[in-house]
Structure formats: structure tokens, C-alpha cells
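What follows is one structure encoded as C-alpha cells, with my remarks underneath.
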Amino acid sequence: MIWKEKYRIGVELIDRQHRELFERVNGFIKVVRSGQSMEEKLEEIEKTFSFMGEYVVVHFESEEAVQRKYEFPEYERHKKIHDDFRNDVKKFKSKFENDKYNEELVQEFSGRLLTWLINHVTGEDQKISEYVKRGEK
Ligand SMILES: [Fe+2]
């Protein structure tokens, strides 16, 4: 999955965060899918989780602030999508803490993460750009 300029929504901070998320998730998938054993991968996987856990929260907050600033009409719906995802990440994290060598679990989550991120950034988030443009006229 490659970051494309057309995914920009027109707010530098958000676009930078999205690009960073793409890069991190890409790196994560590479590690998860490599032929290394779970023991070898574990450190990298844990690093990604703690990064994602924190960064997703910061990013969602920034994005929600932008939506409020530009009076994005689907704010409540969008926030609910963020909240659900935040909970998903949290749930997964605690499952992982209890079962660190469960490769299947990590594989499943990394796939879900990738799909969610692509769909969200290229779908839901794109709707915001229209209101950013309007607000800047
Ligand atoms: Fe979003």
C-alpha cells in the first residue's frame, strides 16, 4: 500500500499523520509477514503496537479538531468510527499482552489494520477535504 498525493485532505498536519500511519503500517506488515520466528519479530511488533496505540489517539484527536473547525457535518458519525477503531486496537492489545506468541492473532490484526486504514483514509477521510476547501475560500 503506497501513499498517494491524491489521499491528501488539504490540511498539512493531517496529511503528514496519514502518511506516517501508512509508513508504519507498511513496516509492520513487512515484519509480520517475514519468515522470521515470533521470537525474532516480537520486539518490532511490540514497538509498532505501542506506537500505534499512542499515535492513533493523537491523530484521531487532531483530525476530529479539524472536522470541528471546518464544521464537517458528519462529525458525530465519523467520531463513532474512530471510537470503534480505538476500542478495537485496545482490545487487540490486551489480547496480545496475554498471548504474545500467537502468530495467528497478530496476522489477523495486521490484516485488519491495513484494510481499515486504507478504506478509512481513502474513503471516509476524503469527505473532509470538501469542507476544508469550502472553509478556505
Ligand atoms: Fe478519520
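To the nearest 0.05, what FRET efficiency results for Tyr101 and Lys30 with a Förster distance of 25 Å applied to their C-beta separation? Working shown, then result.
Values: r = 19 Å, r/R0 = 0.78.
Efficiency for this residue pair is about 0.80.
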Quick one: angle between helix 75-98 and the longest Cα principal axis of the chain, in degrees between 0 and 90, rounded to 10, please.
-> 10
Share of carbon and sulfur in the accessible heavy-atom surface of the chain [1.4 Å probe, %] | 50
Can you tell me how much longer the chain between Arg86 and Val57 gets when fully stretched, taken as 0.36 nm per residue apart minus their C-alpha distance, in nm with one decimal?
-> 9.7 nm
For the chain, what is the mean residue ellipticity at 222 nm derived from helices alone (per DSSP H run of n ≥ 4: -39500 (n - 2.57); sum divided by total residues; nearest 500 deg cm²/dmol)?
-> -26500 deg cm²/dmol
Per residue, how much accessible area does the chain have with a 1.4 Å probe, in Å²?
-> 58
For the chain, alpha-carbon Rg over 2.2 N^0.38 Å | 1.12
Set of aspartates and glutamates with alpha-carbon distance to Lys133 below 17 Å, sequence-local pairs under 8 removed = Glu5, Glu12, Asp15, Glu63, Glu64, Glu71, Glu74, Glu124, Asp125
Residue-ordered couplings for segment 99-112, obtained by feeding phi - 60° into the Karplus form 6.51 cos²θ - 1.76 cosθ + 1.60 and rounding to whole Hz (Gly and Pro as x), are 8, 5, 9, 7, 5, 4, 4, 5, 4, 4, 5, 5, x, 5
Specify whether the C-alpha gyration tensor of segment 1-72 places it in the rounded, prolate or oblate class, a ≥ b ≥ c being the square roots of the eigenvalues: rounded for a/c under 1.5, otherwise prolate if a/b is larger than b/c and oblate if not.
-> oblate
For segment 34-51, 3J(HN,Hα) per residue [Karplus equation, 6.51 cos²θ - 1.76 cosθ + 1.60, θ = phi - 60°, Hz, x = Gly/Pro] | 5, x, 5, 6, 4, 4, 6, 7, 3, 4, 5, 5, 5, 4, 4, 4, 5, 4
Please give every one of the lysines within straight-line cross-link reach of Lys100, meaning a C-alpha to C-alpha distance under 28 Å, and leave out same-chain neighbours fewer than 8 residues apart.
-> Lys30, Lys41, Lys47, Lys90, Lys91
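The values are calculated or read from the model by the stated rules, or taken from the named source; none is laboratory data. Because the structure is predicted, anything quoted here is derived from the model rather than measured. Every residue, glycine among them, receives a Cβ derived from its backbone with ideal geometry; neighbour counts consider all protein chains shown. Accessible surface areas use protein heavy atoms only, side chains included; no ligands, DNA or RNA. Shrake-Rupley method; radii C 1.70, N 1.55, O 1.52, S 1.80 Å.
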